Amino acid sequence: QVRLAESGGGLVQVGGSLRLSCAASGRTFSTITVGWFRQAPGKEREFVAAMSLNGRSTEFAESVKGRFSISKDNEAVTTYLQMSNLTPEDTAVYSCAAKLGIISTTIRSYNYWGQGTQVTVSS
């Protein structure tokens, strides 16, 4: 069983930055692949970023490439989504998710989900 808890969301102005955290219990991120997803009001959940269990591979949605990065701490119990140059289109509930096996951008391949954290970008 993997339990995930996100934190770090909030209100930020256009062009600002936020760092989201995802803490894992039950397993470390050295044994599971982690993904970040978001769901804006009235829209379906979409892929944002993912990191392989060894940290060597990452994937990003086209809409966030060059603005978002993903990392994890040395103990591999917390992963981070660093978001920069935020726009109103980034406003959403951001959730981290985990899966066994290879990196994936597919929502349904992830078995474990956090509760999500709200990110609001104001203009």
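The table below lists the values:
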quantity	calculated
Residue within the stretch 47-63 that is hydroxyl-bearing (Ser, Thr, Tyr), within 23 Å of Gly10 (Cα to Cα) and touching a residue at least 12 places away in the same chain (Cβ under 8 Å) present	yes
Condition met for Leu86 (on the phi < 0 side of the Ramachandran plot and surrounded by 22 or more Cβ atoms within 10 Å (Cβ to Cβ))	yes
Among (1) open to solvent by less than 20 Å² (accessible area, probe 1.4 Å); (2) touching a Phe, Trp or Tyr at 6+ places or on another chain (Cβ under 7 Å); (3) not hydroxyl-bearing (Ser, Thr, Tyr), the one test that Ala92 misses	(2)
Contacts under 7 angstrom Cβ, first residue in the stretch 105-119 being in contact (Cβ under 8 Å) with a residue 12 or more places away in the chain, partner among the basic types (Lys, Arg) and assigned to a loop (DSSP other than H, G, I, E, B), 6 or more apart	Ile107/Arg45
Extreme residue, nearest to Ala23 (Cα to Cα), among residues of the stretch 43-56 that are outside any strand (DSSP E or B) and modelled with pLDDT of 95 or more	Arg45
Residue, nearest to Ala76 (Cα to Cα), within the stretch 104-123, restricted to residues that are part of a strand (DSSP E or B) and hydroxyl-bearing (Ser, Thr, Tyr)	Tyr112
Complete set of residues in the stretch 69-83 that are in a strand (DSSP E or B) and open to solvent by 60 Å² or more (accessible area, probe 1.4 Å)	Gln82
Only listed residue being without any contact (Cβ under 8 Å) to a residue 40 or more places away in the chain and part of a loop (DSSP other than H, G, I, E, B), chosen from Gly101, Gly16, Gly66	Gly66
Selected residue (criterion: most open to solvent (accessible area, probe 1.4 Å)) from residues of the stretch 23-45 that are within 11 Å of the chain's Cα centre (by Cα) and within 18 Å of Thr120 (Cα to Cα)	Arg38
Scope the stretch 95-112; condition surrounded by 18 or more Cβ atoms within 10 Å (Cβ to Cβ), out of contact with any helix residue (DSSP H, G or I) (no Cβ under 7 Å at 6 or more places or on another chain) and of a type outside the set (A, V, I, L, M); matching residues	Ser95, Cys96, Tyr110, Tyr112
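The values are calculated or read from the model by the stated rules, or taken from the named source; none is laboratory data. Given the structure is predicted, the values throughout are model-derived calculations rather than measurements. Glycine gets a Cβ as well: all are built from the backbone with ideal geometry, and neighbour counts include every protein chain shown. Heavy atoms of the whole protein, side chains included, go into the accessibility calculation; ligands, DNA and RNA do not. Shrake-Rupley method; radii C 1.70, N 1.55, O 1.52, S 1.80 Å.
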